[in-house]
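K.L.:
Below is one structure. I have some questions about it.
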Amino acid sequence: MISKLDVLFHSPDFLAGLCGLAAFVVVMLIWTAFIDNDPLPTRLKSISQRRDEFDLERRKKNTRRANLQKVGLMKQVVGWLKLSQGKSLDDLRLKLRRAGFHSRDTMFVFLFAKLAGLAGVAATCVFFFIIVEIVKLPAGVGLLISVFGALIGWMLPDVFIKNLSQKREGILRKGMPDALDLMVICAEAGLGLDAAFDRVSREIAPTAPELAEEIALTGVELNFLPDRHKALHGLAERVPLPPVIALVNTLIQTEKYGTPLAQSLRVLSAEMREDRMMKAEEKAAALPAVLTVPMILFILPPLFVVLIGPAALKVSAAMAK
C-alpha cells in the first residue's frame with residue numbers, strides 16, 4: 001500500500017521546489033565566496049577599543065603613582081616636623097580606624113591636613129586682618145585673631161573625623177540585628193566562627209558595606225592571629241558600640257566555656273531588637289516636646305492672623321467711621 005508521504009515525495013511539485021531550493025543555496029554560496037569582505041573596519045574598531053583600554057590603564061597607573069608621590073611628600077613633611085612620634089599615635093590610629101580609614105598612610109595624611117589647616121587659616125587671617133586690613137583693628141587684635149584661626153584650622157580635621165565616626169556608628173548600629181540573625185543561621189547550619197563571619201560579611205555587603213567591612217576584617221584576623229580573643233577585642237575597639245561589645249563578650253564566653261553559639265546569639269539578637277524598639281518608642285514619645293517650639297513659632301502666628309485678622313479689620317473700619 002502506497003503511503004501519502006511516498007506520493008508527496010514523488011510528486012513533480014515537491015521535486016521542483018527541492019531543486020529550486022538547492023539552486024538558491026548554490027547561488028548564495030557562490031555569491032558569498034566571490035564577495036570580498038573588507039576586514040579593515042573590524043580591525044580598526046578592535047584597535048580603537050584596545051587603545052582606549054591602554055589609555056585607561058595608563059591613567060590609572062599615573063593616578064596611583066601621583067597619589068603615592070603625594071603620600072610620600074606628606075610623610076616627609078610629617079617626619080621632618082617629627083609629628084609622627086609620641087604616645088598618642090596609637091589613639092590617633094584607633095580614631096581613624098573607627099572613622100573607616102584602615103590604611104597606615106591615613107595617619108600621615110591626617111597630620112598633614114592638620115598642618116595645612118593651621119597654616120592656611122592663619123595665613124588667610126594674617127592677609128585679611130593685618131596686611132589688607134579689611135577691618136580697622138589694632139595689630140594685637142589682628143594677631144590674636146590669626147592665632148585663634150590657626151587653632152581652628154588645626155582642629156578642623158578632628159571635627160571632621162569625629163563627625164564621620166558618629167555617622168558610621170549610626171550605620172553600624174542599624175545593621176547589627178540583621179547581621180546577628182544571619183550569624184544565628186550560620187551557627188545553626190554548623191559553620192565555625194571564622195566561616196560564619198566570612199559568610200555574613202558577604203551577605204550583608206550590599207545593604208551595610210561598613211558593617212560588612214568590619215566583620216570581614218575580623219574574620220581575616222581570626223584566621224591569621226594566634227590569639228582569637230585578640231581579634232574579637234579588635235572588633236570591639238574599632239566599633240565601640242554596646243551591641244558589638246556584647247557580641248564580643250558573648251563570643252569569648254562561648255569559646256571559653258563551650259556554651260552553644262546559636263542559642264547565645266539568638267538571645268543577644270532578641271535583646272538588640274528590643275533595645276532598638278525601646279529607642280524608637282523613646283524618640284516617638286519625645287516628639288511632641290520637640291514639636292512644641294516649631295509649632296509656637298511657625299503655626300500659631302498664622303493661625304492668629306487668620307482668626308483675628310477679619311475681626312481686627314472690621315473693628316478698624318468701624319473706628320474709622
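The values are calculated or read from the model by the stated rules, or taken from the named source; none is laboratory data. No experiment lies behind these values; they were computed from the predicted model shown. Please note: Cβ atoms are built from the backbone with ideal geometry, for glycine as well, and neighbour counts cover all protein chains shown.
K.L.:
Note down all Cβ pairs under 9 Å where the first residue falls in segment 214-228 and is surrounded by 13 or more Cβ atoms within 10 Å (Cβ to Cβ), the second is in a helix (DSSP H, G or I) and among the β-branched types (Val, Ile, Thr), and they're at least six residues apart or on different chains.
P.N.:
What qualifies is 214/244; 215/200; 216/200; 219/200; 228/252.
K.L.:
Another question, then. For the list (1) closer than 27 Å to residue 194 by Cα; (2) part of a helix (DSSP H, G or I), I need the number of the one condition that residue 259 fails.
P.N.:
Evaluating residue 259 over (1) closer than 27 Å to residue 194 by Cα; (2) part of a helix (DSSP H, G or I) leaves (2) as the failure.
K.L.:
Determine if segment 164-176 includes at least one residue that is surrounded by 17 or more Cβ atoms within 10 Å (Cβ to Cβ), closer than 24 Å to residue 101 by Cα, under 19 Å from the mean Cα position of the chain (by Cα) and basic (Lys, Arg).
P.N.:
Scanning segment 164-176, I find at least one residue that is surrounded by 17 or more Cβ atoms within 10 Å (Cβ to Cβ), closer than 24 Å to residue 101 by Cα, under 19 Å from the mean Cα position of the chain (by Cα) and basic (Lys, Arg), so the answer is yes.
K.L.:
For residue 135, are the conditions met, namely being of a type in the set (A, V, I, L, M, F, W, C) and either on the phi > 0 side of the Ramachandran plot or modelled with pLDDT under 85 (or both)?
P.N.:
Here the answer is yes, as residue 135 does meet what is asked.
K.L.:
If you check every pair at least six apart or on different chains, which have Cβ atoms under 8 Å apart with a residue in segment 230-251 that is under 13 Å from residue 219 (Cα atoms) first and a residue that is among the hydrophobic types (A, V, I, L, M, F, W, C) and surrounded by fewer than 17 Cβ atoms within 10 Å (Cβ to Cβ) second?
P.N.:
That search, which allows pairs on different chains as well, returns 231/225; 232/252.
K.L.:
Based on this model, can you work out whether residue 110 counts as crowded, with 18+ Cβ neighbours inside 10 Å and either part of a helix (DSSP H, G or I) or modelled with pLDDT of 80 or more (or both)?
P.N.:
Taking the combined requirement at face value, the residue satisfies it.
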